[in-house]
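Presented below is the structure to which this report refers.
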Amino acid sequence: MSIRVGSSLPEFQADAYYPNGEIKPLKFADYKGKWTVVFFYPLDFTFVCPTEIRGYSEYAA
């Protein structure tokens with residue numbers, strides 16, 4: 001499945017790691033009606049710029 005920028009994201013639920021170290025379910029439905037950035041990376045230990053990934057934490061609410 002591919003999703004284009006600006007298109008709607010299908011409903012999903014996944015375990016998420018939070019800054020406080022907690023791992024709990026994240027449901028996309030909980031963010032309905034809010035601006036949301038969904039970021040995925042290909043795989044652990046692959047070439048992705050860690051600086052770019054850390055940059056997202058500056059915008060975490």
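Descriptive notes on the structure:
- Any hit, the range 17-30, residues being under 21 Å from Ser2 (Cα atoms) and not aliphatic (A, V, I, L, M): yes
- Residue check for Tyr41: at pLDDT below 80, in a loop (DSSP other than H, G, I, E, B), within 22 Å of Ser7 (Cβ to Cβ) and under 12 Å from the mean Cα position of the chain (by Cα): yes
- Qualifying residue in the range 25-33 (condition: modelled with pLDDT under 85 and surrounded by 10 or more Cβ atoms within 10 Å (Cβ to Cβ)): no
- Of all residue pairs spaced 6 or more apart or on separate chains, those with beta-carbon atoms under 7 Å, a first member in the range 4-18 that is farther than 16 Å from Phe39 by Cβ and a second member that is surrounded by 10 or more Cβ atoms within 10 Å (Cβ to Cβ) and not hydrophobic (A, V, I, L, M, F, W, C) are Gln13/Lys27.
The values are calculated or read from the model by the stated rules, or taken from the named source; none is laboratory data. Note that the structure is a prediction, hence the values are computed from the model and not measured. Because the Cβ atoms are built from the backbone with ideal geometry, glycine has one as well, and the counts that use them run over all protein chains shown.
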